[in-house]
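**Student:** One structure is given below, represented as structure tokens, and several questions about it will come after.
Read-outs: derived from the displayed coordinates by stated rules, not from any lab. Bear in mind the structure is a predicted one, so any value in this text is a computation, not a measurement. No Cβ is skipped: glycine too gets one built from the backbone with ideal geometry, and neighbour counts run over all protein chains shown.
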Amino acid sequence: MIQLINLSKKYGKTNALNNINLDINENKIYCLLGENGAGKTTFLRTISGLTQATEGEVLVNGLKVNKLSMPDIVCFVEERENHINLKIKDLISLAADFQDGFDTEFADDMIKKFNLNPDKKFKKLSFGMKTMVNTIIGLASTNKIVLFDEPVLGFDVIMRNKFYSLLEESIARHPKIIIVSTHLIDEIAKIAEEIIIIHKGELLLRSNIIDLQDKCYSVTGIASDVDEAVKGKNIINVHDIGKFKTVNVYDTRIEENDRIQISNEGLQDFFANLIGGEINE
Ligand SMILES: Nc1ncnc2c1ncn2[C@@H]1O[C@H](COP(=O)(O)OP(=O)(O)OP(=O)(O)O)[C@@H](O)[C@H]1O
């Protein structure tokens, strides 16, 4: 449904996106990961048609996307103008007017779950509450593609957990492609099925999260034993501790034995290690 073909976006000399090729077709939750300035917002804005590619193409449902032809099946959830002088309930009605099939019942239900007062003016809300309203509008969208740009920024852990369960409810109610950009990979990994990592504007990795968790591990032991065990494996990072060594691996599993210890690696740690290393798929 989404096809990125040799997609590049330059701002002056900055390569925000560099020759990205990617197909996203299945209805599921995708996690978009990348360090600050990696190109995540540019990636999402280009799919929605808000940002024009410098080279290459974005196709949504086979149709070329650009500023003059924005795909109406894409809902991009971003920070809304702070000074909107409308009540929450009026913003929801506006969203329903603009989007065919908008799930108003679900939106009203979420307003209750987030303890928001529908009569409160948007401009009077706190930063986190404004994010909640934007997020509710995205979750209640029945568009076939919904893009969230750092939706949990400003949410405490309770709010984040509510958001993750509502994300699951949203896709169960109306199957769709949901792409969520975030820095909190270990949290989103509980509900997302695929991960897309962008680094310095390039596509570094796209993987099913379960496969990724299986392939991320560390090997610890005496340096020579570890070197022998990981020979030919894709090594992400190395820590030397005297005559001992820990190596972070992204590859098929190896068996633990009495000379080396294998530990599962958290995705957040994997990501931090990966950004400093290379990956050969
Ligand atoms: N409108 C713009 N004009 C000039 N440079 C821009 C513009 N938008 C983004 N950039 C640059 O493009 C690169 C990618 O930015 P982008 O906002 O897409 O990254 P990001 O991954 O969303 O970052 P963050 O996690 O910090 O929000 C950065 O170097 C940024 O400074």
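**Student:** Mind checking which pairs have a first residue in the stretch 94-123 that is surrounded by fewer than 14 Cβ atoms within 10 Å (Cβ to Cβ) and a second that is part of a loop (DSSP other than H, G, I, E, B) and not β-branched (Val, Ile, Thr), Cβ under 6 Å, 6 or more apart or different chains?
**Tutor:** 123/83; 123/85
**Student:** Counting only residues that are closer than 13 Å to residue 184 by Cβ and among the acidic types (Asp, Glu), how many does the stretch 148-169 have?
**Tutor:** 2
**Student:** Separate question: Across the stretch 30-39, what is the total count of residues that are within 6 Å of the ligand (Cβ to nearest atom), on the phi < 0 side of the Ramachandran plot and surrounded by fewer than 22 Cβ atoms within 10 Å (Cβ to Cβ)?
**Tutor:** The total comes to 1.
**Student:** Filter the stretch 182-205 for residues that are within 13 Å of residue 274 (Cβ to Cβ) and either part of a helix (DSSP H, G or I) or not aliphatic (A, V, I, L, M) (or both) and give the result.
**Tutor:** Answer for the stretch 182-205, where residues must be within 13 Å of residue 274 (Cβ to Cβ) and either part of a helix (DSSP H, G or I) or not aliphatic (A, V, I, L, M) (or both): 185, 199, 200, 202.
**Student:** Give the residues of the stretch 179-190 that are touching a Leu at 6+ places or on another chain (Cβ under 6 Å), more than 16 Å from residue 264 (Cβ to Cβ) and not hydroxyl-bearing (Ser, Thr, Tyr), sorted by residue number.
**Tutor:** Correct list: 179 only.
**Student:** Considering only residues of the stretch 191-211 that are buried (at least 21 other Cβ atoms within 10 Å of the Cβ) and either within 14 Å of residue 267 (Cβ to Cβ) or not aliphatic (A, V, I, L, M) (or both), which is farthest from the ligand (Cβ to nearest atom)?
**Tutor:** Residue satisfying both the conditions and the ranking: 192.
**Student:** Can you report the number of residues in the stretch 7-29 which are more than 24 Å from residue 144 (Cβ to Cβ) and more than 13 Å from the ligand (Cβ to nearest atom)?
**Tutor:** 1
**Student:** Can you find, within the stretch 51-75, the residue that is surrounded by the most Cβ atoms within 10 Å (Cβ to Cβ) among those that are within 16 Å of the ligand (Cβ to nearest atom) and among the hydrophobic types (A, V, I, L, M, F, W, C)?
**Tutor:** Here the answer is 58.
**Student:** Show me the strands (runs of 3 or more DSSP E) found entirely inside the stretch 214-281 where at least 2 residues are of a type in the set (Phe, Trp, Tyr). First the steps, then the outcome.
**Tutor:** Working: elements: 216-222, 235-241, 244-250, 260-264.
Strands (runs of 3 or more DSSP E) meeting the threshold: 244-250.
**Student:** Is it fair to say residue 249 is surrounded by 17 or more Cβ atoms within 10 Å (Cβ to Cβ), closer than 26 Å to residue 194 by Cα and among the aliphatic types (A, V, I, L, M)?
**Tutor:** Values: surrounded by 17 or more Cβ atoms within 10 Å (Cβ to Cβ): yes; closer than 26 Å to residue 194 by Cα: yes; among the aliphatic types (A, V, I, L, M): yes.
Answer is yes for this residue.
**Student:** With the structure loaded, tell me whether residue 10 is basic (Lys, Arg), without any contact (Cβ under 8 Å) to a residue 60 or more places away in the chain and surrounded by fewer than 16 Cβ atoms within 10 Å (Cβ to Cβ) or whether it fails that test.
**Tutor:** Considered against the rule, which asks whether it is basic (Lys, Arg), without any contact (Cβ under 8 Å) to a residue 60 or more places away in the chain and surrounded by fewer than 16 Cβ atoms within 10 Å (Cβ to Cβ), residue 10 comes out as yes.
**Student:** For the stretch 139-158, which residues satisfy the criterion of being more than 22 Å from residue 42 (Cβ to Cβ), surrounded by 18 or more Cβ atoms within 10 Å (Cβ to Cβ) and of a type in the set (A, V, I, L, M)?
**Tutor:** Matches in the stretch 139-158: 139, 140.
**Student:** Looking only at residues that are more than 8 Å from the ligand (Cβ to nearest atom) and polar (S, T, N, Q) in the stretch 40-50, which one is surrounded by the fewest Cβ atoms within 10 Å (Cβ to Cβ)?
**Tutor:** 48
**Student:** I'm trying to understand the selection: among the residues of the stretch 204-248, which are polar (S, T, N, Q) and within 25 Å of the chain's Cα centre (by Cα)? Working first, answer last.
**Tutor:** Here is the first cut: in the stretch 204-248, the ones polar (S, T, N, Q) are 207-208, 213, 218, 220, 224, 234, 237, 246, 248.
Selection gives 207, 208, 213, 218, 234, 237, 248.
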